[in-house]
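To start, the structure itself, in structure tokens.
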Amino acid sequence: MSKTNSKQQLTSLLFSLLFACTSYAQQSINVSEAWVRIPPPGMQMMAGYGTFTNLTGNTIELVDAQSVSFESVGFHISEVVDGISSMRKLDSIILQPDEPAVFEPGSRHLMIYTLKYDTQPEGVQIDFIDKLGATHSVEFRFLKSAPE
Amino acid sequence: MKPPYLIGIAIVSAAIGVTSYQLGIQNQPKPLATKIATVLNPPRLMAESLLVQHDGTPFSNATMRDKWTLMFFGFTYCPDICPTTMQSLMNSVSKVEQAGIENVQVVFVSVDPERDTPERLREYLSHFNEDFIGVTGHLADIEEFTRSIGVVFAHHSPDETGYYAVDHSAVILVINEKGEMRGLFSAPYNWEDIADDLINIHG
Ligand SMILES: [Cu+2]
């Protein structure tokens with residue numbers, strides 16, 4: 001019994017160490033009001049939003065995004081030009097220090113394909129990878145519309 | 001990035017559509033004071049079409065008789081602009097209803113009939129409001145209908161996953177109780193201004 005307990009303790013210690021490392025890495029970027037739009041039934045694609053703030057003194061270029069919960073995540077922008085609305089892919093997102101990058105409906109967004117679970121969780125983690133290879137993990141909430 | 005033929009269509013439609021709206025306005029003595037809506041004086045009769053509603057019944061001017069209709073064009077596989085607009089229209093309609101105007105409806109015309117079957121539209125729209133009406137049909141019939149009202153769209157080529165986006169006019173038409181186009185909202189718009197202008201135009 002006590003052997004199992006110490007094993008559990010060790011596991012939880014390892015987990016908290018791992019968590020501490022992750023949250024240490026997270027500190028270079030903050031995303032406020034991070035949310036993913038709950039898709040209409042039968043719809044497998046959705047958009048994610050939030051305000052990205054670079055907390056470091058250096059430029060951070062996000063070149064990729066991924067999540068264990070989704071098939072794929074990418075950077076997109078919707079635009080209305082001459083009355084025509086269209087959407088295109090962005091290769092990367094540049095975060096300048098003290099210059100928040102806003103992702104909001106009708107503009108820049110995360111283009112997300114296919115939730116891997118049958119039941120929608122309350123939130124999901126999305127990992128952003130910068131040009132130097134560092135990972136920045138962000139929790140997103142599922143919401144029907146933008147947070148008030 | 002933008003398909004060149006789309007630009008061509010946009011220019012032609014701008015020439016025949018928007019100009020004729022504006023000429024219409026100039027010919028009239030006093031336009032309605034609105035926040036963001038363009039008001040058409042005189043109103044323009046809507047062309048009939050061969051399209052169908054999500055319940056399988058034909059979509060015609062009779063659908064719009066005795067109602068005020070907000071008509072938007074889009075596709076259900078659009079993850080950003082379309083759900084955002086449907087959400088806005090949901091809010092606009094509820095504000096207009098609170099002002100005592102009960103006969104307002106929303107019509108969503110698909111510009112992507114291959115993926116937007118009547119059943120798919122029903123499922124999609126019920127997420128926003130059970131009363132919203134989805135309209136689809138054969139691509140050629142959708143093209144004919146949209147062309148008649150100066151709305152354009154163009155399909156992109158599929159990406160590596162097979163997904164394709166559709167560029168489309170970001171316009172919301174206001175259609176009066178007689179089935180005539182009474183005005184339009186050009187992007188950007190917000191739900192409150194749409195509601196206030198609709199209340200004003202409705203009179
Ligand atoms: Cu997108």
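Name every residue in the range B:56-76 that is facing chain A (nearest Cβ under 9 Å) and either in contact with a Gly (Cβ under 9 Å, 6 or more places away or on another chain) or modelled with pLDDT under 95 (or both), in order of residue number.
The one that is facing chain A (nearest Cβ under 9 Å) and either in contact with a Gly (Cβ under 9 Å, 6 or more places away or on another chain) or modelled with pLDDT under 95 (or both): B:76.
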One residue from B:121, B:125, B:198 being within 9 Å of chain A (Cβ to nearest Cβ), under 20 Å from residue B:89 (Cα atoms) and over 13 Å from the mean Cα position of the chain (by Cα): B:125
Among (1) of a type in the set (Asp, Glu); (2) touching a residue at least 12 places away in the same chain (Cβ under 8 Å); (3) within 14 Å of chain A (Cβ to nearest Cβ) - the single one residue B:114 does not satisfy: (3)
Strands (runs of 3 or more DSSP E) within the range A:60-148 that include 1 or more residues touching a Gly at 6+ places or on another chain (Cβ under 9 Å) and open to solvent by 30 Å² or more (accessible area, probe 1.4 Å): A:60-66, A:70-81, A:84-90, A:101-103, A:108-115, A:135-143
Residues of the range A:53-91 classified as of a type in the set (S, T, N, Q) and touching a Phe, Trp or Tyr at 6+ places or on another chain (Cβ under 8 Å), total: 2
Residues that are of a type in the set (Val, Ile, Thr) and open to solvent by less than 10 Å² (accessible area, probe 1.4 Å), drawn from the range B:162-199: B:166, B:172, B:174, B:175, B:194
Qualifying residue in the range B:90-108 (condition: closer than 30 Å to residue A:73 by Cβ and hydroxyl-bearing (Ser, Thr, Tyr)): no
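The values are calculated or read from the model by the stated rules, or taken from the named source; none is laboratory data. Here the structure is a predicted model, which means the values were calculated and not measured. Don't worry about glycine lacking a Cβ; one is built from the backbone with ideal geometry, like all the others, and counts go over all protein chains shown. The accessibility values were calculated without ligands, DNA or RNA, using every heavy atom of the protein model including side chains. Shrake-Rupley method; radii C 1.70, N 1.55, O 1.52, S 1.80 Å.
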